[in-house]
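Beneath this line is the structure, given in structure tokens, with notes to follow.
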Ligand SMILES: N[C@@H](CCC(=O)N[C@@H](CS)C(=O)NCC(=O)O)C(=O)O
């Protein structure tokens with residue numbers, strides 16, 4: 001029964017994992033519906049059709065609220081969950097510098113989704129096209145992908161990662177809080193996307209690397225892995 005509880009429509013090996021992490025951090029009672037990526041055919045690696053029953057885009061995460069609303073997009077889901085269920089304010093912004101924090105929060109969330117993610121997505125597509133192409137054209141495809149990476153993508157990704165790394169100097173979490181806030185939940189996915197895309201080596205960015213390890217060492221993250229249905233970041237197409 002889903003009555004009174006939010007329900008997460010969760011897909012294996014997907015960014016929905018960070019929402020599962022947030023639900024575990026909040027300690028809220030929730031239902032978890034597990035969906036598996038297709039393993040063969042024309043839709044290999046895509047979400048199953050059944051995810052379209054609750055939202056036309058058929059992507060994950062989707063949060064079904066007890067009131068009957070379907071929320072998509074990690075940023076919106078995280079906002080809703082924290083506003084509704086974080087009654088103690090554990091994952092909210094610092095109250096002493098709220099004005100600055102609100103702007104910085106918005107800036108980082110937009111930066112992740114609108115600046116960093118597109119570069120990482122292109123790198124990921126290049127990697128999958130290279131690895132998935134027949135062996136006789138692979139060196140050619142690999143050559144083009146290496147060229148674009150060298151000329152543009154790697155420099156962009158590196159500049160953005162350095163920017164994030166500098167901003168994390170001396171901080172435990174992005175907004176200088178004791179616990180992760182929405183920015184941390186959302187940003188963690190981009191770091192894993194970077195790994196899937198083989199974008200860069202995180203240890204080149206020591207502050208980000210420490211933050212990343214800190215997030216993944218949290219009990220709630222570990223519980224989210226136990227409850228989910230797999231989270232591989234060395235994905236192959
Ligand atoms: N911008 C959305 C992205 C959702 C999304 O693209 N989810 C992927 C998983 S990483 C998905 O469901 N992919 C399966 C498919 O497109 O078939 C968010 O932040 O929630």
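Odds and ends about this structure:
- Filter pass, residue 113 being farther than 28 Å from residue 177 by Cα and buried (at least 16 other Cβ atoms within 10 Å of the Cβ): no
- Counted residues, the stretch 151-199 - those being assigned to a loop (DSSP other than H, G, I, E, B) and either more than 24 Å from residue 127 (Cα to Cα) or modelled with pLDDT of 95 or more (or both): 14
- Residue match in the stretch 155-172 (condition: in contact with a helix residue (DSSP H, G or I) (Cβ under 9 Å, 6 or more places away or on another chain), within 16 Å of the ligand (Cβ to nearest atom) and without any contact (Cβ under 8 Å) to a residue 60 or more places away in the chain): no
- Extreme residue, nearest to the ligand (Cβ to nearest atom), among residues of the stretch 43-60 that are over 23 Å from residue 128 (Cβ atoms) and in a loop (DSSP other than H, G, I, E, B): 55
- Restricting the stretch 61-83 to residues that are free of Cβ contacts under 8 Å to residues at least 12 places away in the same chain and over 13 Å from residue 8 (Cα atoms) leaves a set whose member that is farthest from the ligand (Cβ to nearest atom) is 67.
- Matching residues, the stretch 213-228, being outside any helix (DSSP H, G or I) and either in the same structural domain as residue 190 (by TED's automatic domain parsing) or out of contact with any helix residue (DSSP H, G or I) (no Cβ under 6 Å at 6 or more places or on another chain) (or both): 218
- Meets criteria (assigned by TED's automatic domain parsing to the domain that holds residue 176, more than 16 Å from the ligand (Cβ to nearest atom) and at negative phi) for residue 102: yes
- Scan the stretch 37-54 for residues that are without any contact (Cβ under 8 Å) to a residue 40 or more places away in the chain and either under 11 Å from residue 9 (Cβ atoms) or under 21 Å from the mean Cα position of the chain (by Cα) (or both) and the total you get is 8.
- Note on the stretch 85-102: residues that are part of a helix (DSSP H, G or I) and free of Cβ contacts under 8 Å to residues at least 40 places away in the same chain amount to 4.
- Condition check for residue 147: buried (at least 19 other Cβ atoms within 10 Å of the Cβ) and more than 16 Å from the ligand (Cβ to nearest atom): no
- When residue 10 is tested against (1) in contact (Cβ under 8 Å) with a residue 60 or more places away in the chain; (2) under 20 Å from residue 218 (Cβ atoms); (3) more than 14 Å from the ligand (Cβ to nearest atom), exactly one condition is not met: (3).
The values are calculated or read from the model by the stated rules, or taken from the named source; none is laboratory data. The model shown is predicted, which means the values in this text are computed figures rather than measured ones. We place every Cβ from the backbone using ideal geometry, glycine too, and count neighbours over all the protein chains shown.
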